[in-house]
1. Using the per-residue mean of other Cβ atoms lying within 10 Å as a proxy for protection, in what order, highest first, do the peptides 9-22, 34-47 fall?
2. For the pair residue 97/residue 83, report the inter-label distance in nm, with labels modelled 7 Å from Cα in the Cβ direction.
3. Charges only on Cβ, +1 for Lys and Arg, -1 for Asp and Glu: so what's the dipole of segment 50-97 about the Cα centre, in debye to the nearest 20?
4. Apply the Karplus curve 6.51 cos²θ - 1.76 cosθ + 1.60, θ = phi - 60°, to the phi angles in segment 75-91 and return the couplings in whole Hz, x for Gly and Pro.
5. Nearest 20 debye, what's the magnitude of the dipole of the chain about its Cα centre given +1 on Lys and Arg Cβ and -1 on Asp and Glu Cβ?
6. Which option, (i) 33, 27, 23; (ii) 30, 28, 25; (iii) 44, 30, 23, is the value of Cα extents along the principal axes in Å that was calculated from these coordinates?
7. Among 27, 90, 48, whose Cα projects farthest towards the positive end of the dipole of the chain, with charges put on the beta-carbon of Lys, Arg (+1) and Asp, Glu (-1)?
8. Tell me which aspartates and glutamates have Cα within less than 17 Å of residue 14's Cα, excluding those fewer than 8 residues away on the same chain?
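What follows draws every value from the coordinates through simple rules; no lab data is involved. Note that the structure is predicted; figures quoted are calculated from it, not measured. Cβ coordinates were reconstructed from backbone atoms using ideal geometry, including for glycine residues, and neighbour counts include every protein chain displayed.
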Amino acid sequence: MALVFIYTTVGSQKDAQKLAEILVKQQFAACVSVGACVQSHYVWQGVSEWAEEYPLTIKTTVENQQVVCDFIRNHHPYSLPEIVCVPVLYADEKYQQWVEENVSGCLKRLKK
């Protein structure tokens, strides 16, 4: 199985921790890294904005990618969340095996 990192951001540490806990508990992801608060600058509805955001890096398999993206879309506090998927070109064999083992329950449940 190929690995993928999925990136998103949220507006609070509480929201970041909530998403991370559910993604790991449901075995959608083997690990979610929550980064330190960053300043994001963007245009939203024609207005230049600055916001504090917390980046999340979600580690999962390509097979779980759509499930994770759908989950983010349905549970994210933003009406238009950032969802960016980046394929992993190389992963240590033991790390990849660990990720696969920790998300295997998600696929088993979905296939039922």
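1. The peptides rank, most packed first, as 9-22, 34-47.
2. 3.2 nm
3. 80 debye
4. Running phi through 6.51 cos²θ - 1.76 cosθ + 1.60 with θ = phi - 60° gives 10, 7, x, 8, 6, 9, x, 6, 9, 10, 10, 10, x, 8, 7, 8, 9 Hz.
5. 500 debye
6. (iii)
7. Farthest towards the positive pole: 27.
8. 52, 53
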